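Visitor: I have a structure I would like to understand better, so I am pasting it below and will then ask my questions one at a time.
The values are calculated or read from the model by the stated rules, or taken from the named source; none is laboratory data. Given the structure is predicted, the values throughout are model-derived calculations rather than measurements. Here the Cβ positions follow ideal geometry from the backbone for every residue, glycine too, while neighbour counts run over all protein chains shown. For the accessible areas, the whole protein counts, side chains as well, though only heavy atoms, and no ligand, DNA or RNA atoms are used. Shrake-Rupley method; radii C 1.70, N 1.55, O 1.52, S 1.80 Å.
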Amino acid sequence: MRDLAPGIVGMALVGSSVTVSRSLVDAPLFGVQAVRYTMAALLLFGLARLARVPIRAPRGREWLWLAGVAATGLVLFNVAVVRGVAHAEPAVIAVAVACVPVLFGVVGPLMEGRRPSRRVLLAAPVVVAGAVLVEGTGRTDAAGVGWAALALGCEAGFTLLAVPVLRRHGAWGVSLHAVWMGAVMLAVLTVCVEGPAELVSVSPRQWAAAGYLAVMVTAVAFLLWYRTVAAVGSGRAGLLTGVAPRGGGRGSRHRRRGPGAARCGWAWPWWWLRPGGGAPAGAGTRHAARGRAARTGRAKAS
């Protein structure tokens, strides 16, 4: 479980973005996100320099894989979340993202050159079912369903497209390159679609939300997530996406009641105590983790 811990925290942070993004519905979408990812890229670069982590330049097809990560996991995913919460409750988007373990369990191992794990294939539906039981389905319209489906596909692309480059670049390299590429893409969209002048209309509260997304949901969460993917593989790491709804889906029901943590969607520490859903999701993740631990133990014994 030690290798899974960073991914659990990272997914909780990603889940919190669903509720935080609700305050950005009326803000210039591309401009605010461009500033967010520029801030995150500068932060990641500075931290990498301080930690003396070598950052390799992409080469050949790596540019395409990393650009795919940026386009799906950063640009389109955020469009889907921000536009989606305008048509649906946050639980709808968050539960859609929590369905990604099924895709990871099948596609991820194939991209890594190995067979899908039976344990992961059995655990993935259990995790998804637990997420749905905890969050419910929420209210939505047809457009909300479409945005939720796009968020699901983009969440899958964010991890699966990173698999071919993660071994060479590591969590730091993949995070930094994907973030600065995403910032460039969003800056181009800002100029072509919205115009930089629209940023003047952004309120202090919306800039605060963008700052939270830049630091916690981008710089910190990306590093934690890719560290876990590199350690345990995309299939098992995908089971942790069931944590994301705990960070985001319940947030809208807490915004008027609690102090800062609840307003940001941080209901996730209590999801294990909710009737019905937390136990299946947790059991599915532990089932897959035990399988890996058992094989590691046998390998060391031999």
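Visitor: Which of the numbered conditions does V145 fail, given that it passes all the others? Conditions: (1) in contact with a helix residue (DSSP H, G or I) (Cβ under 7 Å, 6 or more places away or on another chain); (2) farther than 29 Å from L47 by Cα.
Guide: Status for V145: all satisfied but (1).
Visitor: Go through (1) without any contact (Cβ under 8 Å) to a residue 60 or more places away in the chain; (2) under 30 Å from D141 (Cα atoms) for P54 and report which single condition fails.
Guide: (2)
Visitor: Now, a different point. Given the conditions (1) at pLDDT below 85; (2) touching a Gly at 6+ places or on another chain (Cβ under 6 Å); (3) open to solvent by 20 Å² or more (accessible area, probe 1.4 Å), report the number of the one that C99 does not fulfil.
Guide: Among (1) at pLDDT below 85; (2) touching a Gly at 6+ places or on another chain (Cβ under 6 Å); (3) open to solvent by 20 Å² or more (accessible area, probe 1.4 Å), C99 violates only (2).
Visitor: Further, regarding this structure: Tell me which of these A41 doesn't satisfy, since it passes every other one: (1) touching a helix residue (DSSP H, G or I) at 6+ places or on another chain (Cβ under 9 Å); (2) modelled with pLDDT of 95 or more; (3) open to solvent by 70 Å² or more (accessible area, probe 1.4 Å).
Guide: With respect to (1) touching a helix residue (DSSP H, G or I) at 6+ places or on another chain (Cβ under 9 Å); (2) modelled with pLDDT of 95 or more; (3) open to solvent by 70 Å² or more (accessible area, probe 1.4 Å), A41 is out only on (3).
Visitor: Looking at the stretch 135-177, which of the residues that are on the phi < 0 side of the Ramachandran plot and outside any helix (DSSP H, G or I) is modelled with the lowest pLDDT?
Guide: T137
Visitor: Check whether at least one residue in the stretch 242-253 is modelled with pLDDT under 95, of a type in the set (K, R) and open to solvent by less than 10 Å² (accessible area, probe 1.4 Å), and report yes or no.
Guide: Yes, the stretch 242-253 contains a residue that is modelled with pLDDT under 95, of a type in the set (K, R) and open to solvent by less than 10 Å² (accessible area, probe 1.4 Å).
Visitor: Moving on. Within the stretch 183-209, which residues are open to solvent by less than 40 Å² (accessible area, probe 1.4 Å) and part of a helix (DSSP H, G or I)?
Guide: Matches in the stretch 183-209: A183, L186, T190, Q206, A209.
Visitor: Run down V79, V14, V69, V32 and say which single residue is assigned to a helix (DSSP H, G or I), within 22 Å of S201 (Cβ to Cβ) and within 17 Å of the chain's Cα centre (by Cα).
Guide: V79
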